[in-house]
């Protein structure tokens with residue numbers, strides 16, 4: 001029944017869907033077909049729907065008739081149960097009334113007996129006492145007899161209940177048998193009715209389907225023709241509009257080019273005039289500033305000299321004459337002692353310098369040897385790991401193609417990219433050839449002096465003073481306490497320059513190009529932070545960064561240029577920062593290599609391997625079980641053959657001819 005109901009609901013949904021589709025198609029054909037469309041729609045829908053309605057009516061009549069037969073049994077049973085409950089309620093009320101009446105009567109009798117017990121204690125004559133006790137005993141027996149009578153009635157009622165229960169079970173069994181007969185007959189009738197109606201509905205829908213397909217085919221052909229005409233019209237209008245737009249665009253382009261050329265010439269002329277004016281004003285301001293500073297210093301020196309000469313020379317003239325001789329003697333002794341100490345320190349310096357050069361050459365030699373050994377061991381282990389990984393990939397290929405039947409996709413060739421591309425004799429960037437060290441050191445000293453000269457020239461340029469002042473104010477924490485103490489002891493006009501030089505050395509600024517990069521980093525529109533994050537950018541006019549952002553810009557500058565590739569010839573930050581950057585990149589490349597080797601098989605592939613292993617283990621167990629079953633079957637076949645041969649031997653024996661009924665006749 002549930003399956004038939006679900007099937008009918010599905011057919012109803014299909015009909016509703018077809019109805020909506022036909023309504024949409026009818027709305028499209030509204031202008032062409034007119035009023036005859038609705039009659040055709042009703043005719044198309046009516047065939048299947050009318051058959052469904054008639055089938056439902058017939059099925060409802062059959063179901064109602066069979067349900068009446070089935071429910072008649074339940075109605076009769078409910079009626080009997082209702083009568084039984086009414087009778088039970090009457091019996092229970094009567095029994096309850098008897099119990100209440102017996103309880104009241106026994107309570108009165110018990111009270112009378114209890115009241116008589118107190119009078120027995122006052123009787124002294126034995127005969128009278130015996131008579132009263134007998135009366136009490138008879139009264140108690142009457143109470144017990146009344147209760148026994150009530151108990152007998154209850155037991156009789158219980159026996160009636162048991163008999164009635166047995167009769168009810170028999171009657172219920174008969175009702176169930178009747179109900180099963182009615183239900184079986186209903187099922188057969190409903191099944192036959194559903195089969196017949198389904199055949200009728202299917203035939204109606206097949207006819208309706210063929211009509212609908214033909215009408216839809218004609219309608220789709222009309223729609224395709226209409227679409228082709230609309231597309232052709234649209235293409236004609238589109239090509240005309242495109243040609244018109246191109247002509248307008250060409251005209252606007254020529255007009256804009258002329259206006260741009262005129263505006264460009266005008267702006268370039270204005271820029272040249274403004275630059276000339278700026279240079280002239282800058283030269284004038286520079287000259288005036290130098291003159292004012294020179295005059296100010298001269299006046300300050302004159303004021304100091306005059307005040308010192310007037311105040312101190314008068315007081316100290318006589319005293320200086322007295323100690324002049326003693327100072328000359330002390331100077332001679334001190335000069336002799338310092339000359340001896342200077343000679344001794346010079347010799348010690350030369351000796352330490354030679355030891356340092358020797359130690360440096362040994363360090364370079366051992367560094368090259370250790371690097372060579374490390375790369376040889378690395379290359380050996382790298383080849384072993386690559387062989388193991390290729391073997392693992394071959395096994396993965398076999399599992400994918402032979403066991404799973406999947407398409408195997410090999411990993412990228414970058415997995416086997418070697419970490420150290422150079423030969424085993426290559427260094428880490430900190431060593432070099434040790435044979436011609438003297439000439440290289442002289443060249444390096446000359447290059448270092450040239451770079452220092454470039455930095456000094458940049459420091460003297462007035463256009464960098466603002467950035468240097470910002471650097472001194474915000475990056476003073478780069479100096480240690482000893483350097484700050486020494487700078488504070490200098491004159492105020494020299495403190496800024498010395499402090500700027502110390503901060504530049506702390507940042508590793510060793511040449512002019514790195515100085516220019518630092519100045520660019522301290523500009524407001526610098527792109528150093530974008531380059532530190534791996535992005536590029538265009539540079540605008542030079543405006544100093546806000547003091548709150550200066551430290552962040554310095555940090556980004558160190559990240560970009562302090563760990564960049566070696567550019568000793570082109571002027572980048574050199575020294576320990578460059579070496580640390582090279583070592584860190586080498587370690588990162590090695591970590592990436594081991595990460596590629598360990599993840600050559602993806603997590604999905606590992607899960608597939610595990611699942612395949614479990615299934616193969618199950619398959620092995622199944623094969624072993626089948627092998628044992630086959631061996632058992634072979635053993636049984638062998639025993640069967642032996643028994644068959646033995647049976648043939650017994651049947652062909654001569655003793656069978658002596659028997660009255662030989663076994664061959666029985667078999």
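The values are calculated or read from the model by the stated rules, or taken from the named source; none is laboratory data. Quick caveat, the model's predicted, so the values are computed rather than measured. Glycine gets a Cβ as well: all are built from the backbone with ideal geometry, and neighbour counts include every protein chain shown.
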Could you check region 55-82 and list, in sequence order, the residues that are closer than 16 Å to residue 174 by Cα and surrounded by 15 or more Cβ atoms within 10 Å (Cβ to Cβ)? 69, 70, 73, 77
Mind checking whether some residue in region 137-150 is surrounded by 14 or more Cβ atoms within 10 Å (Cβ to Cβ), outside any helix (DSSP H, G or I) and either without any contact (Cβ under 8 Å) to a residue 40 or more places away in the chain or assigned by the TED database to the domain that holds residue 95 (or both)? no
Based on this model, can you work out whether residue 83 counts as in a helix (DSSP H, G or I), modelled with pLDDT of 75 or more and touching a helix residue (DSSP H, G or I) at 6+ places or on another chain (Cβ under 9 Å)? no
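Condition check ((1) in contact with a helix residue (DSSP H, G or I) (Cβ under 8 Å, 6 or more places away or on another chain); (2) assigned to a helix (DSSP H, G or I); (3) surrounded by 10 or more Cβ atoms within 10 Å (Cβ to Cβ); (4) modelled with pLDDT under 80) across all residues:
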{"position": "579", "(1), (2), (3), (4)": "no, yes, yes, yes"}
{"position": "586", "(1), (2), (3), (4)": "no, yes, yes, yes"}
{"position": "589", "(1), (2), (3), (4)": "no, yes, yes, yes"}
{"position": "597", "(1), (2), (3), (4)": "yes, yes, yes, yes"}
{"position": "605", "(1), (2), (3), (4)": "yes, yes, yes, yes"}
{"position": "623", "(1), (2), (3), (4)": "no, yes, yes, no"}
{"position": "627", "(1), (2), (3), (4)": "no, yes, yes, no"}
{"position": "630", "(1), (2), (3), (4)": "no, yes, yes, no"}
Do you know which of the residues in region 646-663 that are surrounded by 10 or more Cβ atoms within 10 Å (Cβ to Cβ) and part of a helix (DSSP H, G or I) is modelled with the highest pLDDT? 646
Six or more apart or on different chains, Cβ atoms under 6 Å: show the pairs whose first residue is in region 346-370 and surrounded by 11 or more Cβ atoms within 10 Å (Cβ to Cβ) and whose second is at pLDDT below 85. 361/434; 364/431; 364/434; 367/431; 368/427; 368/431
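Going by the conditions given, is residue 383 surrounded by fewer than 10 Cβ atoms within 10 Å (Cβ to Cβ), assigned to a helix (DSSP H, G or I) and at pLDDT 80 or above?
No.
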Tell me whether region 94-107 contains one or more residues that are assigned by the TED database to the domain that holds residue 184, loosely packed, with under 10 Cβ neighbours inside 10 Å and at pLDDT 75 or above. no
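Which ranges mark the helices (runs of 4 or more DSSP H) fully within region 459-516 that have 3 or more residues being surrounded by fewer than 14 Cβ atoms within 10 Å (Cβ to Cβ)? Can you show your working first?
Values: elements: 465-474, 481-488, 492-507.
Answer list for region 459-516: 481-488, 492-507.
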When you check residue 29 against the structure, is it over 28 Å from residue 185 (Cβ atoms), modelled with pLDDT under 70, within 60 Å of the chain's Cα centre (by Cα) and surrounded by 12 or more Cβ atoms within 10 Å (Cβ to Cβ), yes or no? yes
Only one of 164, 132 that is over 60 Å from the mean Cα position of the chain (by Cα) and within 28 Å of residue 94 (Cα to Cα): 164
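Every residue, every condition in (1) in a helix (DSSP H, G or I); (2) modelled with pLDDT of 70 or more; (3) surrounded by fewer than 11 Cβ atoms within 10 Å (Cβ to Cβ), yes or no:
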position	(1), (2), (3)
396	yes, yes, no
408	no, yes, no
433	no, no, yes
451	yes, yes, no
